[in-house]
1. Would you mind stating whether V114 is loosely packed, with under 14 Cβ neighbours inside 10 Å, of a type outside the set (F, W, Y) and part of a strand (DSSP E or B)?
2. If only one of L134, L165 is among the hydrophobic types (A, V, I, L, M, F, W, C), at pLDDT 95 or above, touching a strand residue (DSSP E or B) at 6+ places or on another chain (Cβ under 7 Å) and under 25 Å from T109 (Cβ atoms), which one is it?
3. May I ask you to list pairs of residues, at least six apart or on different chains, whose Cβ atoms are under 7 Å apart, with the first in region 160-175 being on the phi > 0 side of the Ramachandran plot and touching a residue at least 60 places away in the same chain (Cβ under 8 Å) and the second being of a type in the set (A, V, I, L, M, F, W, C) and surrounded by 13 or more Cβ atoms within 10 Å (Cβ to Cβ)?
4. Check A39 against each of (1) touching a Lys or Arg at 6+ places or on another chain (Cβ under 6 Å); (2) under 20 Å from L147 (Cα atoms); (3) not charged (D, E, K, R) and name the one condition it does not meet.
5. Does E96 meet the test of being acidic (D, E), more than 19 Å from R22 (Cα to Cα) and without any contact (Cβ under 8 Å) to a residue 60 or more places away in the chain?
Amino acid sequence: MDSAQLDELAARARRLAAPGGRRILGLAGAPGAGKSTLADRLVARLDGLAVLVPMDGFHLAQAELRRLGREQRKGAPDTFDAAGYAHLLARLRTPEPDAVVYAPAFDRTLEEPVAGAIPVPADVPLVVTEGNYLLHDEGPWAPVQALLDEVWYLELDDRRRVPRLIERHVRFGKDRDRAERWVRESDEVNARLVERGRDRAHLVVRMS
């Protein structure tokens with residue numbers, strides 16, 4: 001992403017962070033599209049006007065995925081606490097004066113969610129949230145989009161996205177064969193599902 005494109009997106013996010021209430025900006029897209037990178041850069045540009053609350057903090061714990069028989073499908077819609085995520089977004093939309101809401105994070109080294117890791121003070125005007133399923137309209141994910149003021153869909157050519165995703169899995173501990181198999185059999189299945197929500201986005205951002 002060049003600096004001109006980032007400037008334009010940061011200006012749009014800054015308009016959402018205008019005084020007069022809490023707003024929530026969502027970044028959706030397939031695995032490896034660059035959601036967390038763009039979210040980090042936007043929050044940094046907004047100089048304390050925004051807090052990042054990733055959807056990945058609502059991954060079910062490994063032990064629960066194992067109990068449910070879903071460990072090998074981690075990242076699919078039913079491997080998250082979608083209702084919990086929607087409930088948190090509802091709390092974040094209407095903060096109580098002087099109250100801090102604590103959101104979970106996701107530790108990629110541990111591959112586990114970490115409760116209470118992200119403080120969101122009431123006076124922060126913008127929450128940025130990012131994740132695969134912000135535009136998914138089935139089951140407990142259906143209420144999510146209505147809780148967001150804008151959703152941007154991040155799009156990256158598969159010829160760049162897929163190798164980048166494989167390298168990310170390798171960086172966090174998978175051997176290359178397992179990483180390639182995981183991307184092929186899990187991440188890319190989820191990517192096709194995520195793409196179905198593209199037309200519901202307020203903005204399509206072409207990543208590079």
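1. Numbers: loosely packed, with under 14 Cβ neighbours inside 10 Å: yes; of a type outside the set (F, W, Y): yes; part of a strand (DSSP E or B): yes.
Yes: the conditions hold for V114.
2. Working: L165 fails: touching a strand residue (DSSP E or B) at 6+ places or on another chain (Cβ under 7 Å).
Within the list L134, L165, the selection yields L134.
3. From residues that are on the phi > 0 side of the Ramachandran plot and touching a residue at least 60 places away in the same chain (Cβ under 8 Å), there are no pairs.
4. Here A39 clears every test but (1).
5. Working: acidic (D, E): yes; more than 19 Å from R22 (Cα to Cα): no; without any contact (Cβ under 8 Å) to a residue 60 or more places away in the chain: yes.
No: the conditions fail for E96.
For every residue, the table says whether it meets (1) within 28 Å of M207 (Cα to Cα); (2) buried (at least 17 other Cβ atoms within 10 Å of the Cβ); (3) without any contact (Cβ under 8 Å) to a residue 60 or more places away in the chain.
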site	(1), (2), (3)
G48	yes, no, no
H59	yes, yes, yes
R66	no, no, yes
A82	yes, yes, no
H87	no, no, yes
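The values are calculated or read from the model by the stated rules, or taken from the named source; none is laboratory data. All of these numbers come straight from a predicted model, not from anything done at the bench. Methodologically, a virtual Cβ is constructed for each residue, glycine included, from the backbone with ideal geometry; neighbour enumeration extends over all protein chains shown.
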